[in-house]
Amino acid sequence: MKFPLLFKSLRDVKLFALIFIGTTNAIACGPDFPNCYLATSEADLLAAPEGFFAIEIERLAPTTAKRGPIPDESSADARESDELYAALIHRGESEPFAKKIARSYQAYRAAQRAGVKAQAAMETRQFPDGLPLEFAHYLAGTQAWYENNVEAARKEWSAILALPEEARHYRSTWAAYMLGRSGVDDCTHEEAQRWFGRTRELAKNGFADSTNLVGASFGTEAQWALARHDYAHAINLYLDQYATGDESAYASLRMAAAAAAGSGDCEKSAVAGDPRARAVLTAWFLARFSSGNEAESDPRLLCAWTAALVAAKVSDVDQADRLAWLAYEAGDFELAKIWARLAKDSSAETHWIRAKLALHDNRLCDGARELGVAAVSADLAPIYRSTVLGELGRVQLALDHREGALSAWLEGAHWEDAAYVAERLLTIDELKLFLANYQSAGLKTYEPDPGEAVTPETFASGQSARADLWDESGSSLRVKLAGLLARRLVRAGRIPEADVYLPEKEKALLALYAKDVRGGFNSMLRAKKRAAAFWRAAQLVRAEGMAFMGTELSPDFGIWDGEFAYDEIEDRLKGCDSPFSATKEERERLSSMPIPAKRFSYRYRAADLAWWAAALLPNEDDETATILNTAGGWLKARDPVEANRFYQALVIRCGRTSLGKAAAEQHWFPSGQ
């Protein structure tokens, strides 16, 4: 089978017209708000996926456990002490003796690390007695090392490797590593590399490597390669270092990739010809960094990289999904299609790029199908899945598949988008049916808070920074959806149905509200009791109405506890020339859905209840005046026109009360009352 080159000519790259077509892919929805897909523009939906360098590196060099970088001096001393203690116990020494020797050893090592010279060290710290030979030789070697007597140090470390294997379990890798490190100034790098290779061989054969000297050996060799501008070799070594669990290699890989991206044609050609290095540099171009480094956002670098791939005659089907992604990023959609056809179906990213290509051609059904396949792929990183589900929801909405959009947005924890469908597009009975049948697929998703750094740890965790939306079963989102349904039922006057959907606290509030409203309308009770019931209900709604009757989105914005008001729906309804714009059916549903018109709608309900309470009480009564003045105060700042009826009732019905007189004098509600 003959495979295509990545780019046939540089003119196919469409460099300045289409490179980084989606560099504004982040969808901002307000100060520190999570991403929202409701009003996403067509350009953003069609943009190339945003790659995360950390994800791609973990894919290329997976690690089962993160060991961290080389430990600092204090933790290294502690590890050495622990190993010495274990060796002494294995030799048959008593615990008190082993602890004493270990403490003495640790104190001596601390003095060495502090830079104490040999004579001063001997005066303040006695060389520990009773050490196993491997520890004694290593300690003597380090002492010579601190004295700058490299020859003596190497002699001591070589003596460790001459011991029988059973007598050098803990310091064999240390000795080999230091022989490589100490020999750099006096011998060739090739000889040092042989010692580093011996270090890795010893660790592989079971000798202790508690400080990850294997990772350090790869890192040191990578630095040498980087200094020689041998970027392909350096990247490979940093990948090997990363695979040992040394997290510091991630930053080194990013630095090496940036250097390779800006290097000359010869160096880039070498990287293009090396599969692992090529994959790393491709991942670097797919990622969108926000470090402010101009080199990381220079589109000319991508042109040069594609030219290097052309020259290298790349035909790597194993990386076809990423090459399709790179071609799409560069705007060469026809070439992206070729690579997407060759890419493995088992790759989630294959389906993601195929979806993007389908959407680019206005094949929305095909795009939705491919996004659905990508979303459930087991190997898709959680942070990618969150974006895929967000895009899937938007495409489903464009197809008028409202329940499908709601499901996708719930699975991706895109609550603002999900709430839009649940509150504005589905009828109450449709939402009840959906909630009764909805079962979360339990997909791991992750979307960082705005500004949060994405590291190999955070993206792999599948744990959202928005913890209030998450638990393993998805029940938190179910509770939110049920609460939204309950508040819709309350606003519709279907209070008995709402009770089963509320948490205990809100359920208790609703019970009090319903009881007092029934009491207020109970004509069998005396007027004063009815008024008291209405007034209790009014005060409860004013204080807690958001919890059991407020809207999740506009106009009350319970999603943000009413503290912010930004309506994505307004932006969504502005455009109508895109396949992803609001459809005719969506617009019809929006216009027919009963939604309160005014901000903090529950306050108007509270005001009505107060009005009814005052209507049951006599004129020129202090209690009547207090209710009218208080309820008018709930509205006077935001809606003085609506508050005016309370002011007029106060001065007309209760003009001889102190509140009525003060209102008449000030021509408005008394200040400070």
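Among the residues examined, GLU156 does not qualify as in contact with a helix residue (DSSP H, G or I) (Cβ under 7 Å, 6 or more places away or on another chain) and either touching a residue at least 24 places away in the same chain (Cβ under 8 Å) or hydroxyl-bearing (Ser, Thr, Tyr) (or both). When ALA295 is tested against (1) in contact with a helix residue (DSSP H, G or I) (Cβ under 9 Å, 6 or more places away or on another chain); (2) at pLDDT 90 or above; (3) part of a helix (DSSP H, G or I), just one condition goes unmet, and that condition is (2). Is it the case that region 596-606 has a residue that's over 30 Å from ILE652 (Cα atoms) and either open to solvent by 20 Å² or more (accessible area, probe 1.4 Å) or not polar (S, T, N, Q) (or both)? Yes, that holds for at least one residue. Scanning region 524-552 for residues being in a loop (DSSP other than H, G, I, E, B) and either of a type in the set (S, T, N, Q) or within 22 Å of VAL500 (Cα to Cα) (or both) gives a total of 3. Any idea which residue in region 251-266 is surrounded by the most Cβ atoms within 10 Å (Cβ to Cβ), counting only those that are closer than 15 Å to ALA279 by Cβ and under 24 Å from the mean Cα position of the chain (by Cα)? Here the residue is LEU253.
Of the residues in region 655-672, at least one is open to solvent by 10 Å² or more (accessible area, probe 1.4 Å), within 30 Å of ALA547 (Cα to Cα), hydroxyl-bearing (Ser, Thr, Tyr) and not in a helix (DSSP H, G or I). Among the residues of region 359-375, those identified as in contact with a Leu (Cβ under 8 Å, 6 or more places away or on another chain) and either among the basic types (Lys, Arg) or within 16 Å of GLY393 (Cβ to Cβ) (or both) are LEU359, LEU364, CYS365, GLY367, ALA368, LEU371, GLY372, ALA374, ALA375. Is there a residue in region 391-402 that is open to solvent by less than 10 Å² (accessible area, probe 1.4 Å) and touching a Lys or Arg at 6+ places or on another chain (Cβ under 7 Å)? No.
Residue by residue, here is whether (1) within 30 Å of GLU370 (Cα to Cα); (2) hydrophobic (A, V, I, L, M, F, W, C); (3) in contact with a strand residue (DSSP E or B) (Cβ under 7 Å, 6 or more places away or on another chain) holds:
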site	(1), (2), (3)
LEU239	no, yes, no
SER248	no, no, no
SER269	no, no, no
PRO275	yes, no, no
ALA287	yes, yes, yes
VAL310	yes, yes, no
ALA330	yes, yes, no
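Restricted to region 86-95, and to residues there that are in a helix (DSSP H, G or I) and over 15 Å from PRO128 (Cα atoms), the residue that is least open to solvent (accessible area, probe 1.4 Å) is ALA86.
The values are calculated or read from the model by the stated rules, or taken from the named source; none is laboratory data. Predicted model only: the values in this text are computed from it and were never measured. Positions of Cβ are generated from backbone atoms using ideal geometry, with glycine treated the same way; all protein chains shown enter the neighbour counts. The accessibility values were calculated without ligands, DNA or RNA, using every heavy atom of the protein model including side chains. Shrake-Rupley method; radii C 1.70, N 1.55, O 1.52, S 1.80 Å.
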